[in-house]
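First up is the structure itself, then whatever we jot down about it.
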Amino acid sequence: MATHLVTGGCGFVGRNMVQRLYRNGSNRVLFIDDLSVGTHPDTWLGQPLNSEHKEMRIYGADERLVFIKADLRDVLRELNKDPQYFQKRYGLDVVHFDDIFHFAAIVGGRSKIDGDPMLVAQDLSIDAEMFLYVCRNKPGRLLYPSSSAAYPIDLQTESNTLQLKETDIDFKRMGEPDMTYGWSKLTGEFLAKIAASHYGVHVTCIRPFSGYGEDQDLSYPVPALAARAARKENPFEVWGTGKQGRDFVHIDDVLDLTLLAMDKISDGRAINIGMGRLTSFLELIEVFSGFAGYKPNIKPLLDKPVGVHSRYCDMGWVEANLGWKAKISIEEGMRRVYEAALKKIRRMSRKDAKAQEEPLKVASLIAFPPRRCAFAANNPCLTSSALAPAPSSRVALRSTTRRLLVRCTMRVLRSPSSVGRSSILRSSHASSWTRPAAAVSWKAMISRCSTSPTGTHPAPGRRQRKPSPR
């Protein structure tokens, strides 16, 4: 069986490529990620776990999805020493890769690019190990994703905004790219050309502009803005003035052009991937708030990093030579992202409501244990409506004591340091009442409420009736 390798396979672009390759092909897809930034495949792959061995997990009934949790640099060093590494360590019959999609990189939005540039510079070592491996082992094809950050920043200022062409990067007349991330990607492009010209490797480079999609991390601007709109935040915060512009392109279009380019380009040439349209963040906010049905006040956050003022591409070469244009409009793509954010917020709201309801259910069970109250015995999942007095006065707690018990139980359950919380939660789901640990006995719980925030206490001097042991 032929095998494709996707590095950084749990990141935003990587996991979308893994799913695309699996859905549209019949080859095995091996993807590697150390999960320092990526998301575990259990949460997004949508295929059952078949087996696991050491750091390897195999998914799907056809066993075509193989995930290895590891630092890519360590794996590549082992492969450079011994091409049989996968066979010897994991029992995988993989020596040669048909296609390699090299998405592994340290990146996390503007805050990481500007906030920790030396960490991002580790991308240089990741790319160096990869190009050494492909030049030694000659895979069928290699995709190297560069970035629009490789373009000279002096072409992206407020006073000098240009529609960036592929020819604006010239290794004989270098401009300054965007921080260490831009430098690392520019260096990767140079290595790609060397791999193609000196070693005969089939290499394709892409320069995606501002890719976005429904499952992108909130550290990126599009999903972050969509989430704020879905929550109907007012004022609506935006980094910088919001007048900065980007060329937003949907992940589905990015993957479409990537696969097309790999069929057409083999000499390390880099191509733009974008819409060829400049859209400001203020315009995005207007689109998202329109979906949400409100008009918020804008609150600029001038202390946040914003990068270059404007960045968008010229898609002329791609259209003329590859016959490709983006299919998903800004409006359609942003609506998809907004609806995904809205579903996520609603799902989280339901989870929060359920989490808040659970302590009250447990409190009700403690106040009316099933073996002490016939009403509770017939209603094992009590809610606040069950706090009415029990039918029999002989087994009912006095109303004041009952309120204290409920209040104390709520305190115990909400306190992370409370001893015995787990025993209460376990007993709340049991078929018969089990007395909690001594740390949360009836007396202990009542004593914890000796100073009540609501001021509801038994009358001074009145003796409290001890709950019946029955």
*Out of the residues in segment 64-91 that are over 25 Å from the mean Cα position of the chain (by Cα) and of a type in the set (Asp, Glu), state the one that is surrounded by the fewest Cβ atoms within 10 Å (Cβ to Cβ).*
ASP82
*asked:* Among the residues of segment 111-132, what is the count of those that are under 20 Å from the mean Cα position of the chain (by Cα) and surrounded by 19 or more Cβ atoms within 10 Å (Cβ to Cβ)?
replied: 2
_Yes or no: segment 101-108 includes at least one residue that is surrounded by fewer than 20 Cβ atoms within 10 Å (Cβ to Cβ) and at pLDDT 95 or above._
no
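Among the candidates GLY25, GLY38, single out the residue that is buried (at least 19 other Cβ atoms within 10 Å of the Cβ) and among the small types (Gly, Ala, Ser).
Details: GLY25 fails: buried (at least 19 other Cβ atoms within 10 Å of the Cβ).
Selected residue: GLY38, the only one of GLY25, GLY38 that is buried (at least 19 other Cβ atoms within 10 Å of the Cβ) and among the small types (Gly, Ala, Ser).
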_I'm trying to understand the selection: among the residues of segment 153-186, which are assigned to a helix (DSSP H, G or I) and within 21 Å of GLY109 (Cβ to Cβ)?_
ILE153, MET179, THR180, TYR181, GLY182, TRP183, SER184, LYS185, LEU186
_Output for segment 202-223, where each listed residue is within 19 Å of TRP44 (Cβ to Cβ) and either part of a loop (DSSP other than H, G, I, E, B) or in contact with a Leu (Cβ under 6 Å, 6 or more places away or on another chain) (or both)_ = GLY213, GLU214, ASP215, GLN216, ASP217, LEU218, SER219, TYR220
_LEU260 - would you say it is buried (at least 16 other Cβ atoms within 10 Å of the Cβ), assigned by TED's automatic domain parsing to the domain that holds VAL201, more than 21 Å from PRO177 (Cβ to Cβ) and touching a Leu at 6+ places or on another chain (Cβ under 9 Å)?_
yes
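Return the residues of segment 238-277 that are assigned to a strand (DSSP E or B) and either within 24 Å of the chain's Cα centre (by Cα) or within 16 Å of ARG311 (Cα to Cα) (or both); say none if nothing qualifies.
VAL238, TRP239, GLY240, GLY245, ARG246, PHE248, VAL249, HIS250, ILE271, ASN272, ILE273
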_Among the residues that make up segment 43-59, is at least one of them at pLDDT 95 or above, loosely packed, with under 15 Cβ neighbours inside 10 Å and β-branched (Val, Ile, Thr)?_
yes
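The values are calculated or read from the model by the stated rules, or taken from the named source; none is laboratory data. The structure presented is a predicted model; accordingly, all values stated were derived computationally and were not measured. Counting neighbours? That spans all protein chains shown, and the Cβs are built from the backbone with ideal geometry, glycine included.
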